[in-house]
Structure formats: C-alpha cells, structure tokens
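Here's the structure, in structure tokens; my notes come after.
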Amino acid sequence: MTSSESKRYSDFIRDIITGDLVAGKNNSRVHTRFPPEPNGYLHIGHAKSICLNFGIAAEFGGLCNLRFDDTNPVKEEVEYVESIIEDVRWLGFDWGDRLCYASDYFEQMYQYAVELIKMGKAYICDLSADEIREYRGTLIEPGKESPYRNRSVEVNLDLFSRMRTGEFPDGSRTLRAKIDMSSGNINMRDPVIYRILHARHHRTGNTWCVYPMYDFAHCISDSVERITHSICTLEFEDHRPLYDWFLYQLNIYHPQQIEFARLNLSYTVLSKRKLVELVEGGYVIGWDDPRMPTIAGLRRRGFTTESVVNFCERIGVAKRDSIVDIALLEHCLREDLNKRAPRIMAVLRPLRVVIVNYPEDKTEELDAINNPEDQGMGTRKVPFSRVLYIERDDFREDPPKEFFRLAPGREVRLRYAYYIRCAEVIKDNKTGEIIELRCTYDPQTRGGDSSDRRKVKATLHWVSAKHAIEAEVRLYDHLFLKADPNEVEESKDFKSNINPKSMGALNSCRVEPSLANAKPDSRYQFERLGYFCVDPDSSKNKLVFNRTVTLRDTWAKIEKKQKIGS
RNA sequence: UGGGGCGUCGACAAACGGCAAGUCAGGAGACUUUGGAUCUCCCAUCUGGAGGUUCGAAUCCUCCCGCCCCAGCCA
C-alpha cells in the first residue's frame, strides 16, 4: 500500500472499535454486518453504510456479513434481494460464505420467544391494533397495561403455539414483551414482538404464519452471527434499550449497537418510501433511471465504483444530521473519470461547417491523443474532410465579451486539425436560423500548430460530416429543483419540486467513427462537454449515450454572471 | 409537556484542556491544442448563546436557545 492509499479515515465508530480492541473485548474480533430489508433498491445512503461496515471489517482484519432482514413477508420480494446482492458486489465488497437471512433464524427466534414467555417476560395480547395504540399512551402520557398482561405462563404458551399452527386470523393476537407501560421511551411500552401474518414468505414459503418484529429479530440475528459491532442509523437510538433488554433477558451473546447519522444529499431524496413513490408513480423510468440516487441508477448513469466508494469515505461518519452537497459526489466522479476515461470528439448540437478552400474529395487521418492524463492510453486517427460539424454553442454571430470561440471573421483552432476562419454565415431565408458556416483553413496549421506561433483563443471539437456516426444522447440534470426537495408549500409534497427538465434527449448528435463498436457501459469523455457512457438501450444500428456529468464549465459560469449583471 | 440525540466556515468534517486540520463549493491568478486537467493564493481571531472553573476552554460545569427522532401488529 502506498502512502496515498494508506490515508485513514477516522471517526467515532472506528475510535470505539479501536478502544474495544485495546481493551481486548470480543477476543479482539471485529465482525459487522450490513442488514438491508429486501423491500426496495439500495441507494447511495445505503452505500455509505455498506462502505462503513465492510470498510471497518477490512481495516480491522474482521468480517462483515450481508444479511437480509426479511421478517416482513408482505413487503419483501426476491427481485429486491437479487438487486441488493448485485449492488453490494458492484460496490466491490465480498461477504464470503456469509450471505445470511434473518428468516434462517425463525425457529431459533421462536424458541427464544418461548423462553421469554416461560420467564414471565412476554405475553399473548388479544387487543386489536387500534386498542394497542390507545393503550400505548402518548409522548407525554404513560400507557395503560393490557388486560391480558397477566395471563399465566401456561395460557401464554398454549396460545403462542396455537398462533404458530395457524389457528387464529391475522391481527387477532400478538406476542408482547412485558416491560414498562409507563416508560418515557415508547419502545419499552410492551412492544409487540410477534404478529400473525398468513403471508407467503419469499424464502420460507408457508412454513410460518407468525413473524417476529424488527426489534426482536435484529438483536437475535446479530447475536447468533456473533456480530461485535451492530452499526445502524440514528433513528434506532431509541431502540437500543430494547435491543439490550432482549439480549439481557435471554442471556445470550451481546453485540454493541452504535448509531450514526444517515446520509442526505442535496437535490435528491434518499428515503425508500419516496423512491418507491417516484418509481410507482411513473415520475422516473424505473429503479435504474439514471436520475435516481439508487446504486442501479448511478451505475446506469455511468458512475464508477471507485467514485462512489471514495465519496462515502470523504463524507465522514458522525452523529449530526447533515445534507451533503451533491457537488462533492460529482467532484469525486469527475476526479475518477478524468484519470480513466478515453477522450473522443462528439457534437451534440451540430452546426454544419464547409471549409471552402479544402478539396472536395480529400480525407486526412489526424492523430488524436486518447487521454492526456495517461500517455499509456495511446493515440488514434480521426478523419478530417471538407464538411464538418461543430457545436452550435461554439459560434456566435454577435459574440459577447469574453466569448473566445468562433465568430464572423474570427480564427480558432479545430482540435488536432487546422486553424479555421469564419468567412460567411449562411442563414435560412425564412427563419433566419443559421444553417451553415463557410470557413477557410490554413494548410500550414495541420495538427493544430501554426509555424508563426500565432495564437488563437479557442480550440473547438468537431467531427467530419461524412465519417461521423449519428447517436442519441440523453442529458440529465438534478431530479429536484430545490437543494432540499422537502421544502414545499403547504398542501404540496416533495414531488412538486421535481425538475421538469431533469431529463432530455438529443437525437441528431454526431460522434467520431472510433465509437462505432462502443460497448454498453463503456465511458468516454466527449472533449469539452463532459463524461458519457453507452446506455444498455444501445443497439447495433443506434448508439445511445447517457451524459454522466458535465465537465467544469468556466464559460457557462461567466455567461451566467453576465446575464445576472445585465 | 415525556424519552432519546445533535449544534465547529455556504456544505461535509477534524481537533479528546495547550492556542480552530482537510475536502467540496466560492473568489483571484498562472499554465493550457479540452474555457477540461494541473498549480498558486484567498475564504471561521473563532466553535448556537450567556455565565462559571482554569495560567489556558470548541473541549469541563451551569443555565438558556435552536434543530432532529420516537405514539406501525414497518424496518
């Protein structure tokens, strides 16, 4: 490991673990787990947790399990477990043979529940859901004890086994822990630990009709897997006393739960409920829509594993609520892509340029560098001929101050080709739209250097009209208009902040011929424009690209300022 | 009004009683066959506020203020 790779990210969780190791706790073992519920796709917030759990295991020479927290059959599906496995793998992590499921421990959990009953620490309650809510009290008032709270152990045991055998309908009874109805912590007011659900489970089928609740299942899963540090998000802080209570009562191996603040990112939402709403409401194309903050979405958008992992390391881990600027994510992306993406030339909004003093039937093959950041990536040939396309944005008939690009009478360089000068602007008679530029070239500037060292202020990208390949390019912008999508007018919700221009497609783009056989998922820098990747929608006769992220655009910034100033 | 947390630059985030790191964003400049990349410099005399302890406080104590989470048979 080089010195640049060995930089360590320190945070309060790693500090706790280091302290435990020094104290010789857990026989110096470190064992974490990432415990998603398979009821949706993973997003970048999960990536933070994945990087934390797997990262800590790797750093401390420990292990990390991938465990599905599949205790609610009505919401969970195999599609989700499959996507989660794929996404964690894509992030570069490995759980060896420790692919676990809470459902693997159902029998064990049931037996632990029986034990609690025998200890007089749990009882069958016949209250309905509504009644339980009423009995629970409020944030400021204590709850009332259930009339079923003092049933005998024998009755409880009998009822619990009959719940298991399916004798009772859904919702008719629950198993509850007997703790303290007056606790200030509502989680301790006799929480439900088993409910009746006559639902088919994606792994256990119809074996069960009673399912454990999160609080009961999670601590036991952690315990049986001998997890040392059970890392979760802040909203579970209130549940820690219950986590500890179960393990203490059962007198079994007791992992330590540690909570950290979940990730929030500007201009997007990271709540599973909202993401589901976007998908099911048709606001996006699907879970892998390139605008989605899901791992699948980021992947399709063209993000690299390295950039996502690096981002997760850079944002740190703490307990305070925060919203990370999405610009940091984009920075990590550009930083990575700059080093690895081959450069090519592509014109998104073509403007026809005829080089009037260039022979009609001539074609030259010019040398272009594949990546100035990495000479090892070599060079390629780019064809040049009389009729070209340049970017419409690169020409202004009436150039504003500080616009360095092409304008009537002005000379610029075509990258790797020649200096050209704009001689004439051809417009459509009716619409006045500029349809073509007539330019002259200087044969002495082949390759882009002039022998007289005369300077030009701009270098433009271009493609040869007759050699270029037509392509579709999909452009993306932030999914939401506001940094905080939840900031809404009364009676509206986050969806009212959706950016109507978050996606757009350009259909007559032209890319250089070297891309003829570009494979799905391959990434390129389109010079001066941004990073793009080949979308899986591409076919042999039609290339489709996604714009992953733009390049930093100093001119756009200047132009914006000028507009504000005027 | 109960319980649990949290307040350090525009955004993240270090500092663990010894004199406010770093990163992103932003600004200025250099360089440039990508207005990209790269490089240089600037950007908290101050840590939510007020007191106190101390030679010394972002760090310890007290009291305020603000924000987040909890009343699923979801996780």
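Some notes on this structure:
- Filtering region A:152-183 to residues that are hydroxyl-bearing (S, T, Y), open to solvent by less than 60 Å² (accessible area, probe 1.4 Å) and away from RNA strand B (no atom under 12 Å from the Cβ) leaves A:S152, A:S161.
- Among the residues making up region A:281-323, those that are assigned to a helix (DSSP H, G or I), under 30 Å from A:I16 (Cα atoms) and of a type outside the set (V, I, T) are A:E306, A:S307, A:N310, A:F311, A:C312, A:E313, A:R314.
- When each of A:I124, A:I132 is tested for being open to solvent by less than 50 Å² (accessible area, probe 1.4 Å), touching a helix residue (DSSP H, G or I) at 6+ places or on another chain (Cβ under 8 Å) and closer than 13 Å to A:V192 by Cα, the lone residue that passes is A:I124.
- Candidates A:Y389, A:Y416 - the one that is closer than 26 Å to A:Y531 by Cβ, open to solvent by 10 Å² or more (accessible area, probe 1.4 Å) and assigned to a strand (DSSP E or B): A:Y389
Okay, residues lined up against (1) of a type outside the set (F, W, Y); (2) surrounded by fewer than 20 Cβ atoms within 10 Å (Cβ to Cβ); (3) over 16 Å from A:R300 (Cα atoms):
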position	(1), (2), (3)
A:K501	yes, yes, yes
A:G504	yes, yes, no
A:C509	yes, no, yes
A:P513	yes, yes, yes
A:A518	yes, no, no
A:D521	yes, yes, no
A:C533	yes, no, no
A:K540	yes, yes, yes
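- Residues located in region A:217-241, provided they are basic (K, R) and either in a helix (DSSP H, G or I) or open to solvent by less than 10 Å² (accessible area, probe 1.4 Å) (or both): A:R240
- Candidate set: region A:332-341, residues that are under 16 Å from A:R299 (Cα atoms) and without any contact (Cβ under 8 Å) to a residue 40 or more places away in the chain; chosen: the one least open to solvent (accessible area, probe 1.4 Å): A:C332
- Scanning region A:439-454 turns up at least one residue that is in contact with a Cys (Cβ under 9 Å, 6 or more places away or on another chain) and in contact (Cβ under 8 Å) with a residue 24 or more places away in the chain.
- The sole residue among A:T431, A:T440, A:T445 that is of a type in the set (S, T, Y) and part of a loop (DSSP other than H, G, I, E, B) is A:T431.
- Summed over region A:200-228, the residues that are under 34 Å from the mean Cα position of the chain (by Cα) and more than 10 Å from RNA strand B (Cβ to nearest atom) give a count of 15.
- Candidate set from region A:21-71 (those that are open to solvent by 30 Å² or more (accessible area, probe 1.4 Å) and among the acidic types (D, E)); member that is farthest from A:E280 (Cα to Cα): A:E59
- One residue stands out among those in region A:419-434 that are in contact (Cβ under 8 Å) with a residue 60 or more places away in the chain and either buried (at least 17 other Cβ atoms within 10 Å of the Cβ) or within 27 Å of A:T554 (Cα to Cα) (or both): the one that is nearest to RNA strand B (Cβ to nearest atom), which is A:I420.
- Tallying residues that are charged (D, E, K, R), assigned to a loop (DSSP other than H, G, I, E, B) and open to solvent by 70 Å² or more (accessible area, probe 1.4 Å) within region A:392-409 yields 5.
- Number of positions in region A:128-151 that are touching a residue at least 40 places away in the same chain (Cβ under 8 Å), farther than 16 Å from A:G184 by Cβ and within 11 Å of RNA strand B (Cβ to nearest atom): 5
- Of all residues in region A:350-374 being among the aliphatic types (A, V, I, L, M) and either assigned to a strand (DSSP E or B) or under 15 Å from A:R415 (Cβ atoms) (or both), the one that is most open to solvent (accessible area, probe 1.4 Å): A:I369
- Members of region A:242-268 found to be in contact (Cβ under 8 Å) with a residue 40 or more places away in the chain, within 16 Å of RNA strand B (Cβ to nearest atom) and open to solvent by less than 40 Å² (accessible area, probe 1.4 Å), listed by number: A:L242, A:W245, A:F246, A:I258, A:E259, A:F260, A:A261, A:L263, A:L265, A:S266, A:T268
- Scanning region A:184-216 for residues that are open to solvent by 20 Å² or more (accessible area, probe 1.4 Å) and without any contact (Cβ under 8 Å) to a residue 12 or more places away in the chain turns up A:G184, A:N206.
- Some residue of region A:543-559 being in contact (Cβ under 8 Å) with a residue 60 or more places away in the chain, surrounded by 12 or more Cβ atoms within 10 Å (Cβ to Cβ), of a type outside the set (D, E, K, R) and over 20 Å from A:I344 (Cβ atoms): yes
- Screening A:L278 on (1) in contact with a Lys or Arg (Cβ under 9 Å, 6 or more places away or on another chain); (2) open to solvent by 50 Å² or more (accessible area, probe 1.4 Å); (3) farther than 29 Å from A:E59 by Cβ; (4) not in a loop (DSSP other than H, G, I, E, B) shows it passes everything except condition (2).
- Unique residue being within 12 Å of RNA strand B (Cβ to nearest atom) and basic (K, R) when the list is A:K482, A:K557, A:K495: A:K557
- Residues within region A:460-473 that are in a strand (DSSP E or B) and crowded, with 18+ Cβ neighbours inside 10 Å, tallied: 6
- Test result for A:I117, open to solvent by 20 Å² or more (accessible area, probe 1.4 Å) and either on the phi < 0 side of the Ramachandran plot or at pLDDT below 95 (or both): no
- Answer from A:R320, A:R352 - the residue that is of a type in the set (D, E, K, R) and near RNA strand B (Cβ under 10 Å from one of its atoms): A:R320
- Checked against (1) under 22 Å from A:I315 (Cβ atoms); (2) of a type in the set (G, A, S); (3) within 21 Å of the chain's Cα centre (by Cα), A:S83 passes all but condition (1).
The values are calculated or read from the model by the stated rules, or taken from the named source; none is laboratory data. Note that this is a predicted model, so its numbers are computed, not measured. When we count neighbours, we look across all protein chains shown, and the Cβ atoms used for this are built from the backbone with ideal geometry, even at glycine. Note: accessible area is taken over every heavy atom of the protein model, side chains too, but ligands, DNA and RNA are not part of it. Shrake-Rupley method; radii C 1.70, N 1.55, O 1.52, S 1.80 Å.
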